[in-house]
């Protein structure tokens, strides 16, 4: 009986030891499998990174080569363009020198002819003066009167000057919030007020200026030109029309983008031989 109990006890002991050993064995297997999986994952990640690096290096190398090729091509183009430009400049210089020589020759001939003509004219005038002493004074008076009339302009619209001509100094712009030059005068007037031609001439342009809005440009004698901007309409004239001093050409608005905060007004400019001048000097 006692032996049987001892035998059962020994069997239980061996079963426990066997179970413990089996557990350890399974744990070792699990550890090995986990390590192998982690190693495989790490190797796959490394391979993927290597592939990306290789692709990036390849693309970078290709990009660098393309850039180098483009720079090389641009350099060749610029070299050719520079050579062409130098040839053009040399041709222009040669042409200009030839033209200057021809102009000088022509000018000398014209001067000689004018001198001869002036001598003959003076002689004829002297003969006429002896016959009619009052003729010379009358001619000079008429010429002076015509020049004065051509140089006089009227104010295109009645109103207060809110911004003066300022090309030699800066004036503050309420719209732009900065100091700028101002190539004309701004005359305050109610919207739809009729704008009149400051002098007789030909309508050259009617266009939408990106800075000063709807504008009319009129050509006058003696190299003068007037510009009427910030208009509401130009219904009275079209390009090519001949206008007389005081004739209606448009209406006052507030279309000047650079001067929107100044309210409705006329932006008025006068040019002499393509240069902006102070309108206040020429308005009578």
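Every number here is computed from the coordinates shown, using simple stated rules; none is lab data. Source: prediction; values computed, not measured. Positions of Cβ are backbone-derived with ideal geometry, glycine not excepted, and every protein chain shown enters the neighbour counts.
A few points about this structure:
- Between residue 280 and residue 204, full extension at 0.36 nm per residue minus the direct alpha carbon distance yields a gain of 25.1 nm.
- Residues 183, 42, 2 in ascending order of nearby Cβ atoms (within 10 Å, fewest first): 2, 42, 183.
- Taking all C-alpha pairs of the range 154-282, those more than 27 Å from each other amount to 10 percent.
- The residues 211, 4, when put in order of fewest to most other Cβ atoms within 10 Å, stand as 4, 211.
- Using a Förster distance of 30 Å, the FRET efficiency for residue 37-residue 10 (Cβ separation, nearest 0.05): 0.15
- With neighbours defined as other Cβ atoms within 10 Å of a residue's Cβ, the residues 172, 228, 212 order from fewest to most as 172, 212, 228.
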